[in-house]
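Structure first, commentary second.
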Amino acid sequence: MLMRVVRALARAGKWQQFEREMFEKAPNMQGVAGALGSWLLRDLDSQEGGYVVELWESERHAADWERAAIRNRLLREALPGEFEFHTCEIRSVWVAPGVLVADSEGESDRSEGRHPPLYVRLTEGRVHPGMWADFQNAHEVHVEACAAPGLRMRWLVRSKSDAETFFTVSIWDTLGQMEFFERSDAVRREILKHITRHLRGISSAHHCEVRKSLPFNVVELATMIRSSGNA
């Protein structure tokens, strides 16, 4: 399994048009060969920014989809913005205790078509050359061990085109819980001091709202990623 991160930047004042046309023109990925999930994220820290995050069974499936999309009107009629693409390997995954147990509330959410959680924290950064193994070990020991109220799951991916670039994705029930955790002593004392030594420059964190997603249920997502064998 791999993850594809697409950074989208609309032209000034064009985000609403950009998002609307993304919804209207983007082909439906439901049932596409090799497509496991996709999320359209609105960057709450930017007036014109957003992300598309996709999960694929293989790089071949993702490439086939991209070639097919060239024939789609999404690319024939250019959107008012720019895109930057990253194809990444999933290197580690953490799932909150109990998430994989589909309780009655979770099953109700799925059957009624709701899709909580609604918020994603997406971080992009770079490690020092030759430091990936140390960084990934520190992430698994000090980040993945740090649970928090409202945190459902998180995963770490490494860019296939730039081995020093990484993304982390975490899924939260509410924006408030995400922001409270960022300001907590646990982050300053138990995470940053072990992670920052491996980083090159300053990582950027983006608070995002899920605007469109597949699958809708975090239990399905967690089961799918954990069973993939990537982590």
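FYI, it's all coordinate maths here, none of it is from the lab. Just so we're clear, the structure is a prediction, and the values are computed from it rather than from any experiment. For neighbour counting, all protein chains shown are included, and Cβ atoms are generated from backbone atoms with ideal geometry for every residue, glycine included.
Evaluate E = 1/(1 + (r/R0)^6) for Asp64 and Arg211, where r is the Cβ-Cβ distance and R0 equals 35 Å; express this FRET efficiency to the nearest 0.05. Efficiency at R0 = 35 Å is approximately 0.85.
Summing charges over all other residues whose Cβ lies under 11 Å from the Cβ of Val6, with Lys and Arg as +1 and Asp and Glu as -1, gives -2. Extent along the principal axes, Cα only, for segment 145-222: 36, 35, 21 Å, with the longest axis given first.
Return Arg152, Arg211, Arg189 ranked ascending by Cβ neighbour count within 10 Å, so the fewest neighbours appear first.
Numbers: Arg152 20, Arg211 14, Arg189 10.
Arranged by neighbour count, lowest to highest, Arg152, Arg211, Arg189 become Arg189, Arg211, Arg152.
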